[in-house]
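Asker: Structure provided below as structure tokens; questions to follow.
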Amino acid sequence: MLPPARHGDLFDTAIGGGDTVVLIDGVYHQAPALRHKEILAAMGRGVGVIGAASIGALRAAELAPYGMLGVGSVYSAYASGQIDGDDEVAVGQVPDGEFGALTWPLVNVRHVLGLARSIGVLDGERAAGLLEALRAVYYPQRTWAAVRAVCRRQGETAFAGWLSGQRERDRYFGDLKRADALSAVRAALDGAATARGIEPSVWETAYFRRWSNAFARSCVDGLALRTEDRLVYQQVFDPAFHARWAAYLDHLSLHPADGGPGMDLAKRMARVCGGDLPADRVFHPGVDLRDEQTVAVLLADETAHDRQAVARYADALAWACRSRSGFSTEAVLDGVSRDLLLGVWRCPEREFDAEASSRGLVCGARAVHAAKRFVPGFLEEIERTETTRVG
């Protein structure tokens, strides 16, 4: 059992073919939500996915044609078009990491009002009026106290009293999301989910490649490191990475991703441009850091010292994000990152783009963006060195 899902969670390599994921809750306000293509990719590698109750029900209704299994009343309401908004299942959560709901989602409000109508506590017109009044309350503010206040304002104190009594007898009364979640778990235990063979063309896009690279991780020398950080470190700090990138382009030329016939890179360049340009100026392939052979070629010259440096820079960036409100790599000035690169590469300004291209960073602007992750740690090291020198 894991916390509410968020963007990137299904890239976890611990989730493999034959497993079943039951998607129930997910964050979306304070962090990026779980993307549809992440779910499709998981199903494409043989993972069964069941959705219910909350974002799981919403995603299941959207992805049912591709084989995601929806379970429960909330899913049925989304699938039939009875409801369609994200706010139907949204709740505010406690800030202490326990993820308890502080507010009432609209699907639970609808369910309780339906129960009240069925036993004559409310008629249809009054129930509809209450629903609209409670819908008007912003979801993070729709607490139990707010529900009672709205009932009083609407003159529905009898309903509020009835509901309070039901909740005193059963703290889960009216919790449709909980009931659906339990149903989804039972469905998983019964083996209801089956993975379909979804073709990569459905989910393999430039955006998905960027996400998968961002979440690719490995544990080396006891260090848990992002593979992308390891690669960018080599591109920035290895003085001989030009040769490594050339070797990678040669590898791709001999082993095309589409499975077509390979060709020596020099011959391919002669055919494309007569051999007048370096290969890095002509070919800008997207790197797939899920591919072990690609990673092996690009990180062939990496040392244990390099990995330790990557870990230090990652720690420095994490500390900067924690200690400075609103800080992110986007907040690093382009000029600062550019100065770092010019100093490390020791190249004239006029050759900056060519140097970046030869390292597989395409151009100077992209190199500046990629190197921003190292700026806090790099500046910290400079400051430490200068302090030691002064001392």
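Asker: How compact and how long is segment 28-135, expressed as Rg and Dmax of its alpha-carbon atoms in Å?
Answerer: Every Cα atom of segment 28-135 included, Rg and Dmax give 16.1, 51 Å.
Asker: Now a separate question. Take the eigenvalues of the Cα gyration tensor for segment 85-210, scale each by 5, and report the square roots as semi-axes in whole Å, largest first.
Answerer: So the three semi-axes of segment 85-210 are 35, 18, 15 Å.
Asker: Tell me, in nm to one decimal, what length is gained between Val185 and Ala136 on full extension, where the rule is 0.36 nm per residue of separation less the Cα-Cα distance?
Answerer: 14.4 nm
Asker: Also, I was wondering about something else. At Leu2 and Asp334, where each label point lies 7 Å from the Cα along Cα→Cβ, what is the point-to-point distance in nanometres?
Answerer: Output for this residue pair reads 3.7 nm.
Asker: Which order do the peptides 125-135, 353-363 come out in when sorted by mean C-beta neighbours inside 10 angstrom, highest first?
Answerer: Going by the mean number of other Cβ atoms within 10 Å, highest first, we get 353-363, 125-135.
Asker: What distance in nm lies between label points placed 7 Å from Cα along the C-beta direction at Ser323 and Arg384?
Answerer: With each label placed 7 Å out from Cα toward Cβ, I get 1.2 nm.
Asker: In whole Å, what are the Cα extents of the chain along the three principal axes, biggest one first?
Answerer: If we take the Cα atoms of the chain, the spans are 83, 60, 36 Å.
Asker: Note the per residue figure in Å³ for the convex hull of the C-alpha positions in segment 227-353.
Answerer: Convex hull volume per residue, Cα atoms: 138 Å³.
Asker: Can I ask one more? Could you tell me which of Ala195, Ala33, Gln166 has its Cα farthest along the dipole of segment 1-199 towards the positive end, charges placed at Cβ (Lys, Arg +1; Asp, Glu -1), taken about the Cα centre?
Answerer: Ranked along the dipole, the leading option is Gln166.
Asker: Give the whole-number value, in cubic angstrom per residue, of the convex hull volume spanned by the C-alpha atoms of segment 284-362.
Answerer: 139 Å³
Asker: Hey, another quick one. I'd like the per residue volume of the convex hull spanned by the Cα atoms of segment 117-182, given in cubic angstrom.
Answerer: About 105 Å³ per residue, rounded to a whole number.
Asker: Let me ask something additional. Using a/c under 1.5 as the rounded threshold, could you call segment 72-123 rounded, prolate or oblate? The axes a ≥ b ≥ c are square roots of the C-alpha gyration tensor eigenvalues, and prolate needs a/b larger than b/c, oblate otherwise.
Answerer: oblate
Asker: By how many nm would the segment from Asp87 to Ala224 lengthen if fully extended, with 0.36 nm per residue of separation less the alpha-carbon distance?
Answerer: Result: 45.6 nm gained on full extension.
Asker: Express in whole angstrom the spacing between the alpha-carbon centres of segment 106-127 and segment 1-78.
Answerer: Cα centroid to Cα centroid, the span is 30 Å.
Asker: Taking the DSSP beta bridges in the chain as the whole, what percent of them are antiparallel, to the nearest 5?
Answerer: Looking only at bridges with both residues in the chain, the antiparallel portion is about 40 percent.
Asker: Something else about it: For segment 1-199, which semi-axes, largest first and in whole Å, follow from the square roots of 5 times the eigenvalues of its Cα gyration tensor?
Answerer: Semi-axes from the Cα gyration tensor: 33, 17, 14 Å.
Asker: Further question: 7 Å from Cα along Cα→Cβ at both Ala266 and Glu292: what's the point-to-point distance in nm?
Answerer: 3.3 nm
Asker: Please identify, among Val109, Val91, Val282, the residue showing maximal mean-square fluctuation in a Gaussian network model of the chain using a 10 angstrom Cα cutoff.
Answerer: Checking each option, the largest mean-square fluctuation is seen for Val282.
Throughout, read-outs are computed from the coordinates displayed, never taken from laboratory work. The shown structure was predicted, so the numbers you read here are calculated from the model rather than taken from an experiment. All Cβ positions, even for glycine, are placed from backbone atoms using ideal geometry, and neighbour counts span all protein chains on display.
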